[in-house]
1. Which three numbers, in whole Å and largest first, are the semi-axes of the equivalent ellipsoid of the chain derived from its Cα gyration tensor as √(5λ)?
2. For the range 1-86, which GluC sites (Glu not before Pro) are both in a DSSP coil and crowded by at most 12 other Cβ atoms within 10 Å?
3. Over 10 Å intervals from 0, what percent of Cα-Cα pairs in the range 1-49 sits in each interval?
4. Among Leu51, Leu75, Leu67, determine the one that fluctuates most according to a GNM of the chain built with springs between C-alpha atoms less than 10 Å apart.
5. Which percent, nearest 5, of DSSP beta bridges in the chain are antiparallel?
Amino acid sequence: MRLLPDTHLLIWAAEESSKLSKEAADLIGRLENNRFFSAASIWEIAIKRGLGRADFLINPDELRLELLANGYVELPVTGVHGAAVAGLPMLHRDPFDRILVAQAMIEGVTLLTVDPVVAGYPGDIQLV
């Protein structure tokens, strides 16, 4: 399975947080799954950490290196991804969530999310 965890899942998995559901932990932890992370998630963490958001205190540089060291593949944001956002229904206003949805659709990966609104988008999105 090709998985793209959303930003919160990446943070919770890295911090071994009790907020991470068993289902999400099992999917992310399976070494046979191809795990990706979006450059947009690192960008989101950097911005929201800079704003002092309590749920984004993790260091984005360290998280990126940890993800790469643990076998994740970095998924860059491209113009194709950006253009695909224009075709999405306006279910969610967060641009970071919208780009993750577009990336999952374009790249043919399953987006794992904790956000029921994001899970309402068309495509291979799994609420965990």
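We did not get these values from a lab; they are worked out from the coordinates using the rules stated. Since the structure is predicted, the reported quantities are computational estimates derived from the model, not experimental observations. Cβ coordinates were reconstructed from backbone atoms using ideal geometry, including for glycine residues, and neighbour counts include every protein chain displayed.
1. Values: eigenvalues 82, 59, 42 Å².
Value: 20, 17, 15 Å, ordered largest first.
2. On the way: sites: Glu15, Glu16, Glu23, Glu32, Glu44, Glu62, Glu66, Glu74; in loops: Glu16, Glu32.
Those satisfying the criteria are Glu16, Glu32.
3. In whole percents, the pair-distance histogram is 26, 54, 20, 0.
4. Leu51
5. Numbers: 0 of 11 bridges.
Of the beta bridges lying entirely in the chain, close to 0 percent run antiparallel.
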